[in-house]
Structures are given as structure tokens and as C-alpha cells.
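Student: Right, I'll just put the structure down here and ask away after.
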Amino acid sequence: MNNSVGNAGRSAAAGLRALLVLTLLCGVLYPLAVTGVAQVAFPHRANGSEIKDTSGRVVGSELIGQRYDLPLGDGEESPAPDLRWFQPRPSNGLGTNSVNTRYELIVSGATNRSGDNAELIRWVTEAKAAVVKDNSTATYTVRPSDVPADAVTSSGSGLDPHISPAYARLQVHRVAERNHLPVAVVAQLVADHTDGRVLGFVGEPRVNVLALNIALRDLAAKG
């Protein structure tokens, strides 16, 4: 009986020591080591890939998209886009019951609807019509065939901060008109903020909308 109690006590003590050691190693030392290495080797990424404006204020992350809307009007359920700015991909990737209207991290996800789903087709059709209407100006007409897929569909996560160069270029005339800037100047701004494929062959060219709009704001302030 005494041996059984003693063995149980030794086992409990050994288990407690193992718990304490593993907690120290895995819960304290390892996270501190990883954090330290990340801060030394990759401080920008470790701190959330923050993007700052020219005043040094953090305005977002290069990894998470955000919307550019007008203030919500009386009786409106969703705000209208502020057409002075380049617009991101749609963020309503989760459907009408849980629309990710603000690129909210907590509701990241996609619709998982098939390509022939009637509701998805209606969303895309309405989105395409809005893109054509919003981006056509007195001197530039957008055709439905000009609208790229990323202009009317959300990404798989609903959080994509990038748009295709084609979608950015489609918005150039509207942005130039709204900000009283030459079209050629805004087009060059898009070209300057177009990132190529990673390592020259991975992925597709892309434009970070937040970085582009920061540059646009600075340009408009000068002009």
C-alpha cells in the first residue's frame, strides 16, 4: 500500500516537473526566441507589415485590404464607394447573411458557391454593371468586356489587399477626373505601384490598393 502511494506520488511529481519544464520551453522560451529572431531578421513583417503615410502614421497593413467608402447616408444599409479613390476587390465574400463589408478578419472566407449558382451570377452581374457605370467618364467609356474578374469577385479569403493591373488601369480615368489630375499622371502612378511576379515567375502582377491610394493622396495634395 505504501509502495503504491509512493509510486503515485513520484509519478505525479515527475509529471508536474515535466509540465513546468515544457511550459517554460514551449510557452516562454520558444516564443521569445522566435519573436526575437523575427524582430531582428524581419521586423517589418513581424510587426504586421504596417503601411505608414508620409506623416509616419500607420494607416493599415499591406496584407489586409480595406474599403474606401462615403459616410453612410440616412436609410442606407451599405455605404457607396468614394470614387475619388482606387477601389479594391469586393469584400462580400460570405454572402448576404454575413457580408464581410469591412474586410473584417473575424469573418474571413469565401462564398463556396458554384459558377452556375443563380445568386452568385446575380452578384457578379450587378457588380459588373456598377463597375461600368462608376468608371465611365465623359471622355472614356468602359465596356462590360473590359471588366476583369477581380473587379466583380472577392478573393478566397475576402481580405485580398491587391487588385490586378488591369482593374487598376480601368479606374485611371475616373480617378483622374475626380481628383482633377491628368490621366497620364495617374496612369504612371499605377505603373509605378505595380509589383511583378515573385522571383519573376510565381503568381501574377498585382497592385496594392492602400499603397496606391496613399501615393494618390500625396499627388492630389500637390496638384
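Student: Once the Cα atoms of helix 209-222 and of the chain are each reduced to a long axis, what angle between those two axes, in degrees from 0 to 90 to the nearest 10, is obtained?
Tutor: In the chain, helix 209-222 runs at an angle near 50 degrees to the longest axis.
Student: For the peptides 200-209, 39-48, what is the packing order when you average, over each peptide's residues, the other Cβ atoms within 10 Å and list the highest mean first? Could the numbers behind the result be given before it?
Tutor: Values: 200-209: 14.8, 39-48: 11.1.
Peptide ranking by packing, descending: 200-209, 39-48.
Student: Name the long-range amide H neighbours of Thr137: under 5 Å, sequence gap of 5 or more, or other chain; modelled H, no Pro or chain starts.
Tutor: Correct list: Val142.
Student: Right, another one. Enumerate the amide H contacts of Ser61 below 5 Å, restricted to partners 5 or more residues apart or on another chain; note that Pro and chain-start residues carry no placed amide H.
Tutor: Ile51
Student: Count the net charge of all other residues whose Cβ sits under 14 Å from the Cβ of Thr139, scoring Lys and Arg as +1 and Asp and Glu as -1.
Tutor: So the surrounding residues net to +1.
Student: Separation between the Ala14 and Leu29 pseudo-spin-labels, each 7 Å from Cα along Cα→Cβ, expressed in nm?
Tutor: Those two pseudo-labels are separated by 2.1 nm.
Student: Between Thr54 and Glu77, what's the calculated FRET efficiency when r is the beta-carbon distance and R0 is 45 Å? Round to 0.05.
Tutor: Result of the calculation: an efficiency of 0.80.
Student: Let me ask something else about it. Once you keep just the Cα pairs under 8 angstrom separated by 6 or more residues, what percentage relative contact order results for the chain?
Tutor: 18
Student: Continuing with the same structure: Which of the three applies to the range 112-223, rounded, prolate or oblate, going by the alpha-carbon gyration tensor with a ≥ b ≥ c and a/c under 1.5 meaning rounded?
Tutor: In terms of gyration-tensor shape, oblate.
Student: Where does helix 118-135 land angle-wise versus the long Cα axis of the chain, in degrees 0 to 90, nearest 10?
Tutor: For helix 118-135, the angle is close to 50 degrees.
Student: What does the charge count near Arg197 come to, summing +1 for each Lys or Arg and -1 for each Asp or Glu among other residues with Cβ under 10 Å from its Cβ? Can you show the working numbers first?
Tutor: Numbers: positive: Arg206; negative: Asp195, Glu204.
Cβ neighbours under 10 Å give a net charge of -1.
Student: If you count, for each residue, the other Cβ atoms within 10 Å and average over each peptide, how do 154-162, 213-221 line up from highest to lowest?
Tutor: Ranked by mean Cβ neighbours within 10 Å, highest first: 154-162, 213-221.
Student: Using only C-alpha positions, report the orientation-averaged shadow area of the convex hull of the chain, nm², one decimal.
Tutor: 21.1
Student: Rank by packing, highest mean first: peptides 114-122, 62-70, 165-173, with packing defined as the count of other Cβ atoms within 10 Å averaged across residues.
Tutor: On the way: 114-122: 10.1, 62-70: 16.9, 165-173: 21.6.
So the peptides 114-122, 62-70, 165-173, ranked by packing, come out 165-173, 62-70, 114-122.
Student: What do you get for the angle between helix 183-192 and the principal long axis of the chain? Use alpha-carbon atoms, 0 to 90 degrees, nearest ten.
Tutor: 20
Each reported figure results from applying straightforward, stated rules to the coordinates on display, with no laboratory input. A quick note: this is a predicted structure, and the numbers were derived from the prediction, not measured. Here Cβ is always computed from backbone atoms with ideal geometry, including for glycine, and neighbour counts include all displayed protein chains.
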